[in-house]
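Remarks on the structure that follows.
The values are calculated or read from the model by the stated rules, or taken from the named source; none is laboratory data. Predicted model, so just to flag it, every value in this text is computed and none were measured. Glycine gets a Cβ as well: all are built from the backbone with ideal geometry, and neighbour counts include every protein chain shown. In case anyone asks, the SASA skips ligands and DNA or RNA and just uses the protein heavy atoms, side chains included. Shrake-Rupley method; radii C 1.70, N 1.55, O 1.52, S 1.80 Å.
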Amino acid sequence: IEDGVVRLLSPAVVREIRSDEADQADDHGIGVFSENLKNLLMTQPIKGSRVLGVDPGYRNGTKCAALDETGKYLGFFKIFQEINPKEAYDLINEAVDKYDIQVIAVGNGTGSHEVQEIVSKVISENYADSDVKYTVVDESGASVYSASPVATEEFPDLDVMVRGAISMGRRLQDPLAELVKIDPKAIGVGLYQHDVNQKKLADQLDEVVSSVVNNVGVNLNTASYMLLKYVSGITTTTAKKIVAYRDANGKIKNREELKKVPGLGPKAFEQCAGFLKIAESDDPLDNTWVHPENYNAAREVLPLIQKGEKVPASLIKEISEKYNIGETTVNDIVSELQKPNRDPRDGYPAPIMQKGVVQFEDLKEGMKVTGKIKNVVDFGAFVDIGLHETGLIHISELSDEFVENPMDVAKVGDVHEFTILALDRDRRRISL
């Protein structure tokens, strides 16, 4: 018996317990990553602004790419902020003027600080009265994107460096559309993401991206195939066919035209139509969440809503019976038509716009800083305060009350005011 217990039973039980614990830890790590990724993808976009994307560097210089309101690439230049700050100043100043730039997005990598100083100087000396601003963008995963087949396909004639700068600007204009092009594991919001079950992690993250894309909706005429493939009912192949159809025939004018895309059958149409919005369509319903099969019902209440009148309950009941759809659905259609084009991301914090620059040496204990939560983990949260170094707020400092799980009080993308508790100048660590 003793031999059986020591040699066979005990190791078997230990293995089983260890395996259960590992599974639990995996699920937890994947859960943390999923929640962080969801909040990051829901970051509010900066719509309708012309942006200068800046990818800082020392040896190869700092790459700058100008983009118009839709993210279309306009032009590129390079500056060497260390060797020739005067020339860098002139080039940035010239670009803001030439391309009518409203926001400058500076990556937070090596050399970011010197670039921010020049950008801040350009704005304060030449554009103090206008609405030119700058913000710091997290550049995790940008190098992964710029060398990827997706980037090569998108910009076959451009250098890897230019692609990185374009990605910086687009991350600000529409974070969701840009970040779906990168393997989620490279985005830098995880916890031990390389140690967990990789297949399970990939499946779960894929699910998160799909849920966010379908929640936000997709502009059918501007979306890349990388974004389209996450829409319900659309596979990568179908997404590429939609883009090819768009390239051959120009903008898609209405949802019905989708049926002409080869390989997009009635089943796929039924699944995807409600998530694909067409701003250019003659039919205002094509730019809403209302599914084509409910258009007739929607048209009965649309005139009332356009006049700003209330839809009576009796009419809702009547439409429900006439078209054989639930009253809840009719109510949903009414609330969607009252607030067309509502972007669920508008409720999330916008990026912090800056005018001046902070550097590590300026920080003092007790000082108040505004920061954006970059990653939430079990022991607290990492905070981006516009420096290369990220601050850490320990779980015990998150609230005046006991916090069991940091995610209950903090999520990625939240903007708060923090107080600096301690600074370790040798290791350049910031406690908040």
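Observations on the structure shown:
- Of all residues making up the stretch 47-90, the number that are of a type in the set (S, T, N, Q) and either without any contact (Cβ under 8 Å) to a residue 60 or more places away in the chain or in a strand (DSSP E or B) (or both): 3
- Matching residues, the stretch 110-139, being open to solvent by 30 Å² or more (accessible area, probe 1.4 Å) and either in a helix (DSSP H, G or I) or hydroxyl-bearing (Ser, Thr, Tyr) (or both): Thr110, His113, Glu114, Glu117, Lys121, Ser124, Glu125, Asn126, Tyr127, Ser130
- The set of residues in the stretch 241-252 that are assigned to a helix (DSSP H, G or I) and surrounded by 14 or more Cβ atoms within 10 Å (Cβ to Cβ) comprises Lys241, Ile242, Val243, Tyr245, Arg246.
- Restricting attention to the stretch 215-232, the residues that are surrounded by fewer than 17 Cβ atoms within 10 Å (Cβ to Cβ) and at pLDDT 90 or above add up to 1.
- Among the residues making up the stretch 271-284, none is among the basic types (Lys, Arg) and in a helix (DSSP H, G or I).
- Selection within the stretch 50-107: residues that are open to solvent by 40 Å² or more (accessible area, probe 1.4 Å) and β-branched (Val, Ile, Thr). The member of this set that is modelled with the highest pLDDT is Ile83.
- Residue list for the stretch 164-190, filter: within 10 Å of Ala142 (Cα to Cα), touching a residue at least 60 places away in the same chain (Cβ under 8 Å) and part of a loop (DSSP other than H, G, I, E, B): Ile187
- Pair list, Cβ < 6 Å and 6+ apart or interchain, from the stretch 123-152 residues that are within 18 Å of Asn375 (Cβ to Cβ) to residues that are of a type in the set (Lys, Arg) and in a loop (DSSP other than H, G, I, E, B): none
- Residue within the stretch 253-270 that is open to solvent by less than 20 Å² (accessible area, probe 1.4 Å), of a type outside the set (Ser, Thr, Tyr), within 30 Å of Ser19 (Cβ to Cβ) and part of a helix (DSSP H, G or I) present: no
- Against the list (1) under 30 Å from Ala202 (Cβ atoms); (2) in contact with a Phe, Trp or Tyr (Cβ under 8 Å, 6 or more places away or on another chain), the condition Lys38 fails is (2).
- Residue in the stretch 17-38 that is under 16 Å from the mean Cα position of the chain (by Cα), buried (at least 16 other Cβ atoms within 10 Å of the Cβ) and assigned to a loop (DSSP other than H, G, I, E, B) present: no
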